[in-house]
Amino acid sequence: MSKRADLEQAFQALARDGRAVIDGQRRETPTTFEDISPATGTSIATVSQCSVSDVDDAVASSRRAYDSAWSTMSSADRKARLHKLADLITANAQELALLEAMDMGKPFSDAISIDVPGSSYILNFYAEAIDKVAGEIPVTDPGNTALVQRVPLGVIGAVIPWNYPLEMAIWKIAPALAAGNTVVVKPAEQSPLSALRLAELALEADLPPGVLNVVPGDGPTTGAAVGLHGDVDVLTFTGSTEIGKKFLEYSGQSNMKQVWLECGGKSPNLVFADASNLNEAAEFAARAIFFNQGEVCSANSRLLVERAIHDEFIALLQKEVAKISLGHPLDPATTMGPLVDATQASRVERYLGLGKQDGRLVTGGSRLSIDGSDCYVEPTIFTDLSSDAAVAREEIFGPVLSVIPFDSEAEAVALANNSIYGLAASVWTSNLDRAHRVAGLLHAGTVSVNTVDALGVTTPFGGFKQSGFGRDLSLHAMEKFTGLKTTWIRFATTQP
Ligand code: ADP
């Protein structure tokens with residue numbers, strides 16, 4: 001049997017339980033929905049559509065777990081259990097990667113080599129951090145001592161997107177749990193299965209019931225119920241800017257919960273003619289937009305290229321595109337899978353039409369049907385765009401690269417910053433002065449020089465402007481899930 005057939009068989013054998021996990025139990029809900037795989041266009045699970053009252057139960061359970069178990073547990077114990085969960089992710093890597101690939105379309109080869117090990121690594125990082133982050137004793141007047149501690153905030157609501165269902169959940173859950181909070185996760189309706197399996201693994205890792213609840217459902221019902229809940233202390237979200245703004249409203253309409261948003265992007269990649277290796281720059285530029293089907297919030301979807309090298313660079317990019325193999329996510333040869341669902345494919349298809357009107361199509365430009373699924377979109381490049389073209393301004397969240405030529409450094413920087421977003425940016429140059437100068441001028445949470453979209457667990461990730469605020473990853477992520485608490489102690493300086 002081929003490797004693909006083996007993986008398909010392994011996937012068919014999985015339980016694929018779509019029921020919510022609340023208070024340590026699977027829950028049947030009266031309303032359910034079918035989870036359609038973009039690889040086949042057919043249902044792979046029946047999933048709970050959690051109601052407001054299911055969310056109430058989940059939050060109450062997480063509150064109990066916070067008060068009586070998790071926030072009072074010794075740091076050594078909490079750490080051991082999170083490490084155990086990380087080990088269980090590794091032990092169940094194939095299952096999690098299969099769920100991820102079939103649920104949202106990414107190649108299994110990426111899920112098993114990047115998403116799953118990355119999730120386990122990040123969990124271990126925050127587990128280790130539990131007893132490494134200490135408070136402060138500031139300078140105060142004689143007769144006074146002040147203790148400044150970072151304390152957990154309580155119940156965290158985490159609303160997760162579908163592009164990295166497991167990793168995005170872990171980016172939120174790991175620092176939140178390490179800091180001593182409990183979490184209610186609302187996975188995206190397109191891709192709930194890996195988060196639900198994670199909740200089961202958490203119970204196996206001896207996280208007390210309620211420490212990690214997972215409530216699948218749609219955004220307007222279940223997502224809104226989490227965002228509006230009066231007993232959720234912090235809401236952490238990754239998704240579109242449009243929905244991010246809704247969470248700010250939900251907070252104002254309810255209990256003024258803290259809201260942390262990691263939203264959209266239209267990240268620029270600036271390639272100057274003095275880049276030392278254009279082949280490498282083209283290879284990275286292609287990866288920066290086509291990896292994960294372009295469904296990456298920090299994808300470098302705008303390529304600003306110096307006019308003198310424009311044609312040469314486009315030719316190099318075409319060579320890179322020719323190496324991409326579009327196909328079924330479980331086929332080992334696949335390097336780009338289907339988009340997450342037909343709705344997203346239609347959305348991207350609309351942009352393909354707009355790009356053809358406003359610019360010149362270099363390669364791709366079509367939606368395709370493969371294996372009976374019409375969720376595939378070819379890797380596509382448009383050039384000769386003006387910066388006000390829709391494909392050059394709006395987040396497409398698909399494999400579409402918009403190229404804008406520039407003539408000077410100042411123009412490149414102005415074009416790059418002319419966006420409502422400010423998540424990431426990349427710069428290619430061999431001129432050290434220019435690298436520092438341009439990196440300093442770019443409005444982006446992360447600037448990558450002579451690489452693209454660089455990130456790691458030790459560095460903060462997040463944006464400026466309408467890309468949101470608050471940082472995932474690094475020890476800074478724990479700041480979102482803790483509050484600064486000051487305790488003053490006055491004492492006599494002389495013995496009475
Ligand atoms: P995308 O555009 O990538 O699909 P969204 O911002 O629509 O991203 O979705 C990200 C997450 O927000 C998902 O879990 C989704 O269910 C949730 N969501 C969508 N709409 C709403 C809403 N009106 N209220 C609360 N949550 C929502």
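As a rough guide to protection, the peptides 312-321, 264-273, 142-151 ranked by mean Cβ packing within 10 Å, highest first, stand as 264-273, 312-321, 142-151. Return, ordered by residue number, the residues of the stretch 183-211 whose backbone nitrogen is under 16 Å from a label point located 7 Å along Cα→Cβ of residue 90. Only 205 pass the distance filter. Antiparallel beta bridges, as assigned by DSSP with both residues in the chain, represent about 45 percent of the total such bridges. Please state, as a whole number in µm²/s, the translational diffusion coefficient that the Stokes-Einstein equation yields for the stretch 340-423 at 4 °C and 1.567 mPa s, with Rh defined as the Kirkwood radius across alpha carbon pairs. Result for D is 95 µm²/s.
Summing charges over all other residues whose Cβ lies under 13 Å from the Cβ of residue 394, with Lys and Arg as +1 and Asp and Glu as -1, gives +1.
Ranked from largest, the principal axis spans of the Cα set of the stretch 3-263 equal 74, 38, 32 Å. Length available on full extension from residue 258 to residue 53: 0.36 nm per residue minus the Cα-Cα distance, which gives 71.6 nm. Peptides 182-193, 158-169 ranked from most to least packed by the mean count of surrounding Cβ atoms within 10 Å: 182-193, 158-169. Each residue of the stretch 328-482 gets 160 Å³ once the volume of the Cα convex hull is shared out per residue. The three principal axes of the Cα atoms in the stretch 306-358 give end-to-end lengths of 40, 30, 13 Å, sorted in falling order. Here residue 434 and residue 366 are evaluated by their C-beta separation; at R0 = 30 Å the FRET efficiency comes out at 0.20. May I ask for the angle, rounded to the nearest 10°, between helix 241-253 and the longest principal axis of the chain, with both axes built from Cα atoms and the value confined to 0 to 90°? Orientation of helix 241-253: about 20 degrees from the principal axis.
Taking other residues whose beta carbon is less than 13 angstrom from the beta carbon of residue 353, and scoring Lys, Arg as +1 and Asp, Glu as -1, yields +2. In the structure shown, the pairs 186/323; 3/172; 106/245; 3/186; 132/266; 246/266 are assessed against 31 Å; a Cα-Cα span above that value is assigned to 186/323; 3/172; 3/186; 132/266.
Compactness ratio for the stretch 28-119: Cα radius of gyration over 2.2 N^0.38 Å (N = residue count) comes to 1.41. By definition, a body whose alpha carbon gyration tensor gives a ≥ b ≥ c is oblate when a/c is 1.5 or more and a/b is not larger than b/c, and the stretch 238-384 fits this oblate description.
Taking the Cβ-Cβ separation of residue 489 and residue 46 as r and a Förster radius of 51 Å, what is the calculated FRET efficiency to the nearest 0.05? Working from the Cβ atoms, E equals 0.35.
Protection proxy ranking of 170-177, 66-73, by the mean of other Cβ atoms within 10 Å over each peptide's residues and highest first, is 170-177, 66-73. The slack in the chain from residue 14 to residue 343, taken as 0.36 nm per residue of separation less the alpha-carbon distance, amounts to 115.8 nm.
Taken over the alpha carbons of the stretch 214-297 as equal point scatterers, the Debye sum produces base-10 log I(q)/I(0) values at 0.21, 0.26 Å⁻¹ of -0.94, -1.23.
With N counted as the residues of the stretch 323-382, its alpha-carbon radius of gyration over 2.2 N^0.38 Å works out to 1.13.
Backbone geometry of the stretch 411-416 corresponds, through the Karplus equation with coefficients 6.51, -1.76 and 1.60 at θ = phi - 60°, to 3J(HN,Hα) couplings of 5, 4, 5, 5, 4, 4 Hz, x marking Gly and Pro.
Each Cα pair under 8 Å and six or more residues apart adds its separation to the average, and for the stretch 393-475 the resulting relative contact order is 26 percent.
What does the charge add up to near residue 168, with Lys and Arg as +1, Asp and Glu as -1, over the other residues with Cβ less than 12 Å from its Cβ? My count for the surroundings of residue 168 gives -4.
The reciprocal of the average 1/r between distinct C-alpha atoms defines the Kirkwood hydrodynamic radius, which for the stretch 45-99 equals 13.9 Å.
Annotation for the stretch 66-121 versus the stretch 162-228: alpha-carbon center distance of 11 Å. Taking amide H atoms as placed 1.01 Å from N in the peptide plane, the amide H of residue 18 lies under 5 Å from those of 46, each 5 or more residues away in sequence or on another chain. Over the chain, DSSP H runs of length four or greater, each weighted -39,500 (n - 2.57), average out per residue to a 222 nm ellipticity of -11000 deg cm²/dmol.
Treating each Cα of the chain as an identical point scatterer and summing with the Debye formula, the log10 of I(q)/I(0) at q = 0.08, 0.13 Å⁻¹ comes to -0.50, -1.22.
Readers should treat all values here as calculations from the given coordinates under stated rules, not as data from a laboratory. Predicted model, so just to flag it, every value in this text is computed and none were measured. Neighbour counts are summed over all protein chains in view; Cβ atoms, including those assigned to glycine, are modelled from backbone coordinates with ideal geometry.
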